[in-house]
Amino acid sequence: MEPVTVTLYVGGVTSSAPQDYAAQAQGFFEAANIDIEVVALDGTSQAVQAVAADRSGFAYTQGSILDEMLIADRNPDAPPLIAISAGAMRNPVALMFLEGKGISAPADLLGKTIAVPQGSLSALYLDVFLEVQGISKDDVTIQNIGFGALNPALLTGQVDAIVAFARAIASLSIVAPEQGDTIGAFLFAEFGIAAPMTGVVIQKRLLDEHPDVARAIAEVTTRSLHFCAVNAEECVTDFITINDGRDFDQTLAEWKVALEAQYGIDPEEAAGMDPLALGWFDPDLIAETLPSLRLLFEIEMDFDPTTLYTNEFVSEP
């Protein structure tokens, strides 16, 4: 493949997806003749929207099939998107709280203040979680606080709970005991809430017009996910080297939580797998999940599941 410049839209510089940074540090992109340019945005939904709006089409993000559906449903003129390798197949979102706040069950959230960045995937899932639990939004106070300020807002008592990706449990669990408290969490995956089906998302025209570039992106990102699953310490070192100021122990703990709670990957099992098998989309799982996503997020369009992803560039486990 001829050298090509590809824009990576990052939905917040988080340790939920250090594989993109490890791919840079380990030379995976360079070996694939990709010159990667990183653009950091506030959240995953914004990053997928940026891929859809990218005029060159040479762009990708760690987005989700849900994002693809929401964009198509709300903007029929948006270019079709497609996921080319799988990522976190479990619902990645959790509601976190200090146990000293008297929260032990969802019903205890009544009258509480919950922080979440509005417009984010986490905010969408909070609405779903509250509805599933029979809690009216009038019975809680929701504050719009950015991802970077969520943890301090919780730890200082500004809010009673926060909603973000589950990996935040790790860093909060390190700090909370210093304040004489412990962290509790409601993992949305454990409440039967459908996962957004995370993966590497690109414009469909990139796949159609430049399949060699699509293949390179899929293979690099999937191999780097495998690298980060099997070599967590080295992967996190790569991540914090590029993202100056990050704490190693905290970031490593967050990544290990993300691997289990969001990706459902066992590092020991992954070590014996074909790296490209980590990018496989289970067709049955996606077909079963889409109706729930349409219902939960009030999506009017009907979708053929097979048009939202491809297993062309990955391997079946």
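Somewhere in the range 64-75, is a residue buried (at least 24 other Cβ atoms within 10 Å of the Cβ), under 28 Å from F188 (Cβ atoms), touching an Asp or Glu at 6+ places or on another chain (Cβ under 7 Å) and of a type outside the set (D, E)? For the range 64-75, residues buried (at least 24 other Cβ atoms within 10 Å of the Cβ), under 28 Å from F188 (Cβ atoms), touching an Asp or Glu at 6+ places or on another chain (Cβ under 7 Å) and of a type outside the set (D, E): absent. Taking first residues from the range 84-100 that are closer than 10 Å to A261 by Cα and partners that are small (G, A, S) and in a strand (DSSP E or B), the Cβ contacts under 8 Å between residues at least 6 apart in sequence or on separate chains come to V93/A164; A94/A164; A94/A185.
Within the range 148-158, the set of residues being open to solvent by less than 50 Å² (accessible area, probe 1.4 Å) and in a helix (DSSP H, G or I) comprises A149, L150, N151, A153, L154, L155. Is it the case, given these coordinates, that I145 is β-branched (V, I, T), part of a loop (DSSP other than H, G, I, E, B) and surrounded by 15 or more Cβ atoms within 10 Å (Cβ to Cβ)? Yes; evaluated as a whole, the condition is true for this residue. Here is a list: M89, M96. Which entry is open to solvent by 40 Å² or more (accessible area, probe 1.4 Å) and either in a helix (DSSP H, G or I) or under 20 Å from L187 (Cβ atoms) (or both)? Result: M89 is the single residue among M89, M96 that is open to solvent by 40 Å² or more (accessible area, probe 1.4 Å) and either in a helix (DSSP H, G or I) or under 20 Å from L187 (Cβ atoms) (or both). Among the residues of the range 175-195, those that are more than 21 Å from F297 (Cα to Cα), surrounded by 15 or more Cβ atoms within 10 Å (Cβ to Cβ) and in contact (Cβ under 8 Å) with a residue 40 or more places away in the chain comprise A176, D181, I183, G184, A185.
The residue that is farthest from K112 (Cα to Cα), counting only those in the range 130-142 that are part of a loop (DSSP other than H, G, I, E, B) and among the β-branched types (V, I, T), is I135. In the range 249-267, is there at least one residue being without any contact (Cβ under 8 Å) to a residue 40 or more places away in the chain and over 20 Å from the mean Cα position of the chain (by Cα)? For the range 249-267, residues without any contact (Cβ under 8 Å) to a residue 40 or more places away in the chain and over 20 Å from the mean Cα position of the chain (by Cα): absent. Tally the residues that are modelled with pLDDT of 95 or more and either out of contact with any helix residue (DSSP H, G or I) (no Cβ under 8 Å at 6 or more places or on another chain) or assigned to a loop (DSSP other than H, G, I, E, B) (or both), restricting the search to the range 112-129. The total comes to 4.
In the set (1) open to solvent by 50 Å² or more (accessible area, probe 1.4 Å); (2) in contact (Cβ under 8 Å) with a residue 60 or more places away in the chain, A271 fails one condition alone, (2).
Within the range 148-165, residues that are more than 17 Å from I103 (Cβ to Cβ) sit with their Cβ atoms under 8 Å from residues that are assigned to a helix (DSSP H, G or I) and open to solvent by less than 40 Å² (accessible area, probe 1.4 Å), at 6+ positions apart or across chains, in these pairs: F165/S122; F165/A258; F165/Q262.
Residue-wise test of (1) at pLDDT 90 or above; (2) closer than 26 Å to N151 by Cβ; (3) surrounded by fewer than 22 Cβ atoms within 10 Å (Cβ to Cβ).
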position	(1), (2), (3)
G199	yes, no, no
L206	yes, no, no
A229	yes, yes, no
T241	yes, yes, yes
Q250	no, yes, yes
A261	no, yes, no
P275	yes, no, yes
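The lone criterion from (1) within 22 Å of L293 (Cα to Cα); (2) touching a Ser or Thr at 6+ places or on another chain (Cβ under 8 Å) left unmet by A59 is number (1). In the range 99-111, of all residues being outside any loop (DSSP other than H, G, I, E, B) and aliphatic (A, V, I, L, M), the one that is surrounded by the fewest Cβ atoms within 10 Å (Cβ to Cβ) corresponds to A107.
Within the range 40-83, the residues that satisfy the criterion of being out of contact with any helix residue (DSSP H, G or I) (no Cβ under 7 Å at 6 or more places or on another chain) and without any contact (Cβ under 8 Å) to a residue 40 or more places away in the chain are A40, A47, A53, R55, R74, N75, P76, D77.
The values are calculated or read from the model by the stated rules, or taken from the named source; none is laboratory data. Because the structure is predicted, anything quoted here is derived from the model rather than measured. All Cβ positions, even for glycine, are placed from backbone atoms using ideal geometry, and neighbour counts span all protein chains on display. The area values use the complete protein model at the heavy-atom level, side chains included, leaving out ligands, DNA and RNA. Shrake-Rupley method; radii C 1.70, N 1.55, O 1.52, S 1.80 Å.
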